[in-house]
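Only one structure is covered here, and it is reproduced in the block below.
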Amino acid sequence: MTNPYKETLKKLEDSKHLISMVPIDEIIRFGHSIGLHKESKVLDLCCGYGTVLKVWHEAFGVSGVGVDIWDEAILIGRERLIEAGIKSINLIEGDVLQYQDTASYDVVICSETFDSIDTTLALGARFLKPQGVLAYQKVYAKTPNPPQELLDFEGQVLTLGELNKIFTNLGYFITHLATDSTGDWERYITWSAKRDLARLRSNPTNEEVRSWIDQWYRMYFDYRRPYEGQALFGLERL
């Protein structure tokens with residue numbers, strides 16, 4: 001008997017290895033919106049497990065490269081690509097700031113990893129074909145002037161309107177957009193907390209880990225859930 005939930009279970013498995021609060025379905029919609037196809041080449045800077053590349057390959061046939069300094073994620077990501085029989089995605093362990101590549105890409109994915117938006121976008125633009133798309137992942141504030149407690153924890157969090165002004169000043173237009181879901185935030189928050197709980201179980205007297213878990217949940221329930229979102233922006237120049 002065919003499992004009627006097979007496709008749902010596959011999405012859930014991919015989501016387990018997705019370092020984003022944008023749902024798998026929205027990532028696929030985003031890829032369709034920017035016109036991905038089997039000739040498209042994608043570079044993912046700070047790719048984590050390479051899940052976006054995997055999903056876009058399975059949906060549209062893209063090829064590409066993912067780079068991340070997190071060795072565990074790269075190892076697991078490579079294993080998942082082998083299991084899926086995907087040979088046209090290459091995951092590289094390394095510092096994206098030191099990454100060198102003579103190729104140009106139709107899409108470059110950039111996550112909020114650096115001190116400023118312009119630094120991040122400038123890095124991605126180095127590898128982008130003319131009139132290519134920067135897919136920029138960024139948290140945003142759901143309300144103007146979010147609580148100081150959130151800013152102390154997260155750093156600067158801007159509204160969508162404020163981000164749009166920055167993109168415009170840098171010469172970019174938002175041509176595509178996909179945003180987070182509550183369910184995917186919950187997946188991310190609990191995934192991280194479970195990792196910390198495993199650490200606490202191995203050392204139950206570790207008050208530092210216990211305190212961090214308490215802070216992690218408090219920040220989510222009191223501040224991140226009501227005041228913070230995440231978006232994947234498709235940015236293009238003239």
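For the reader, a short list of remarks on this structure follows.
- Exceeding the 27 Å Cα-Cα cut-off - candidates Lys38/Lys142; Lys11/Lys138; Lys54/Lys142; Lys54/Lys194: Lys38/Lys142; Lys54/Lys142
- Couplings 3J(HN,Hα) of segment 65-70, computed from phi: 9, x, 10, 7, 7, 7 Hz, in residue order, whole Hz [Karplus 6.51 cos²θ - 1.76 cosθ + 1.60, θ = phi - 60°; x for Gly and Pro].
- Distance from segment 11-81 to segment 159-238 (C-alpha centre basis), Å: 18
- Distant-in-sequence amide contacts of Leu91, defined by a placed amide H-H separation under 5 Å and a gap of 5 or more residues or a different chain, comprise Gly66.
- Using a probe of 1.4 angstrom and keeping all protein chains present, the accessible surface of segment 1-54 works out to 53 square angstrom per residue.
- Residues whose amide H lies under 5 Å from that of Glu228, counting only those 5 or more places away or on a different chain, are Lys142; hydrogens are built 1.01 Å from N in the peptide plane.
- Counting Cα-Cα pairs of segment 1-127 in 10 Å increments starting at 0 gives whole-percent bin shares of 13, 44, 35, 7, 2, 0.
- Between Pro204, Pro146, Pro23, the GNM of the chain built on Cα springs shorter than 10 angstrom shows Pro204 fluctuating the most.
- Karplus-derived HN-Hα couplings along segment 142-157 (A = 6.51, B = -1.76, C = 1.60, θ = phi - 60°), whole Hz, x at Gly and Pro: 6, 9, x, 6, x, x, 4, 4, 5, 5, 5, 7, 9, x, 4, 10
- Other-chain or far-sequence residues with amide H under 5 Å of Thr159's (modelled H): Ala141
- Antiparallel bridges, percent of DSSP beta bridges restricted to the chain (to nearest 5): 40
- Under 19 Å from the Lys6 label point (7 Å along Cα→beta-carbon), backbone N, segment 59-82: 59-60
- Share of carbon and sulfur in the accessible heavy-atom surface of the chain [1.4 Å probe, %]: 51
- Rg/Rh for the chain stands at 0.97; both radii use Cα atoms, and Rh follows the Kirkwood definition.
- Counted residue by residue at 0.36 nm each, then reduced by the alpha carbon distance between them, the extension gain from Thr179 to Leu75 reaches 34.6 nm.
- Segment 114-188 - Rg over Rh from alpha carbon coordinates, Kirkwood radius: 0.99
- Those residues of segment 90-119 whose amide nitrogen sits under 11 Å from the label point placed on Leu170, 7 Å along Cα→Cβ: 110-119
- 3J(HN,Hα) along segment 90-105: 10, 9, 10, 7, x, 7, 4, 5, 9, 5, 10, 7, 8, 7, 10, 10 Hz, from the Karplus curve 6.51 cos²θ - 1.76 cosθ + 1.60 with θ = phi - 60°, whole Hz, x for Gly and Pro.
The values are calculated or read from the model by the stated rules, or taken from the named source; none is laboratory data. Everything numeric here is computed off the predicted structure, so don't read it as measured data. Using ideal geometry, Cβ is built from the backbone for each residue, glycine included, and neighbour counts are taken over all protein chains shown. Areas reflect the complete protein model, heavy atoms only, side chains present, ligands, DNA and RNA absent. Shrake-Rupley method; radii C 1.70, N 1.55, O 1.52, S 1.80 Å.
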